[in-house]
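Here the structure is laid out as structure tokens; the discussion comes afterwards.
Just so you know, all these numbers are worked out from the coordinates, no wet-lab data involved. Here the structure is a predicted model, which means the values were calculated and not measured. For neighbour counting, all protein chains shown are included, and Cβ atoms are generated from backbone atoms with ideal geometry for every residue, glycine included.
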Amino acid sequence: MDHEKVNILLVDDQPAKLLAYEVILKDLGENLVIASSGREALEVLLKTEIAVILVDVCMPELDGFELAAMIREHPRFQKTAMIFISAIQVSDIDRLRGYEMGAVDYVPVPVVPEVLRAKIKVFAELYRKTRELERLNQDLEDRVRARTAELENSTAKLRESEERRSMAIAAGKMGSWDWDWITGDWMWDEGQYRIFGVGSENFEVNPANVQALLHPDDVDQLRKAIAEFNKGTRSYETEFRIVRPDGEVRWCVGTAAATADDSGRVVRVSGVTVDITERKRAEERQNLLAREVDHRAKNALALAQSIVRLTRADEVKAYVSAVEGRINALARVHTILSLSSWQGAELSKLIEEELAPYSLGGQIKLAGTEVQLLPATAQTLALALHELFTNSAKYGALSTRTGQLAIGWQVENDLLTLIWEESGGPLVMTPKSRGFGTRSLLASVESQLGGQAQFDWRAEGLLCRLEVPLVRKTAATTAPGKFEAASSAELQRASG
């Protein structure tokens, strides 16, 4: 029969005897380990798992009794089976001493092979069975530990779930209820009372009172649920609104499950109510934001389309450069506005974004207090500033290293005044006609913002004065986007 081999240690100082023991025991099919002295046997024991020890009583240095005593002192070998072989007549006292040292049996010399094999086989099989039982016991303990850990984990999850439910109920976000379908009796927990905004001490829970707290447009949901349960439906979920006694409207989602008797008749309905008002409001804000983003995107595309259509240039390269510059200016102000969730933009930030590509060191000086611009005003001024910077870089003060540009602004009575003053650049001459940039700047500032743009083409450099109302009482202050959408039409008129 196939089985796991065990190690049998043979200890004797005479090689001939060891060889004889090997010949006798080899038919057992076990692993035979040889030791020619007590000390060698101890070394083997420390390195190898031994099932049975066959040891000669009479050995020099360390005899069998002394070796047995040393083996038994080690906790790992206290149960290892030891069989003594003795070539001398063993008295009862010697046997008793051997048993005290841990021997399990004696084999006299001359050795009868069949007897020795039988004794070794019995103890080897006993060792094997003991190990198998230990493994089974370990496996059982592992299973018990795993099952215990699983139960503890399930218990922890259940406790955590109950804690979350308790926290939700305590926060007024969740409530549970029970309705006896036969008697009509209702039971609400504290969370249910909190959601509906009533007190358990002065509110009687019955169908009429509950219906009175439902939003008039959602009363049919209750009737529909009752009809569904009467038809055999076992679960139902719906969203509905309640109107608290103080007039506040709250959104809720209700989940109900029916319990039926043996005949299939509904006898009880239990459910949970969750206050989802905040989620509904967040969804409304998200939908509003999506519509606003769509609206602003269309306005931006319309403005970009006008820029592309109305830009004029003698060469393709110049045309591409002008279009890219104006669209990039629009993109930069959109980035600034998006970072503020379209609440507005600081004027200084707009100016810094526009002058950033020039890297002119000390040629530009800025002076002014912080001014927060509305989105529409920021977009228009960003394009106006872009035109001023572009013209200055091409023809004005910023086209030479000696040129100087001073930009100053102030606010008084909700009127923003911005002064653009160039000096030290090329000689300036009053243009015979206004280009697209100048015309679009005038149209946007005057028509869109209700302000004024004045140009003084001085020989030493351009002086431009922009006056922009920060609060409009015209169509510009109506719904977001109407004023922005007008920009394309204004640009078209400017190009004409």
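Less than 13 Å Cβ to Cβ from Asp178, Lys/Arg counted +1 and Asp/Glu -1: what total charge do the surrounding residues give? After counting each charged neighbour, the total is -2. Think of region 105-238 as having a plus end and a minus end, set by charges on the Cβ of Lys, Arg, Asp and Glu; of Phe123, Thr233, Tyr106, Tyr106 sits farthest toward the positive end of this dipole. Computed from Cα atoms alone, the Kirkwood hydrodynamic radius reported for region 356-418 is 13.1 Å. Mean sequence separation of contacting Cα pairs (under 8 Å, at least six apart), scaled by the length of region 7-137, corresponds to a relative contact order of 23 percent. Residues whose amide H falls under 5 Å from that of Gly425, counting only those 5 or more places apart or on a different chain, are Gln404, with hydrogens built in the peptide plane. Ordering Tyr358, Tyr127 from the fewest to the most neighbouring beta carbons within 10 Å gives Tyr358, Tyr127.
Legend: distances between Cα atoms for Lys26/Lys119; Lys231/Lys280; Lys365/Lys394; Lys17/Lys79; pairs beyond 23 Å are Lys231/Lys280; Lys17/Lys79.
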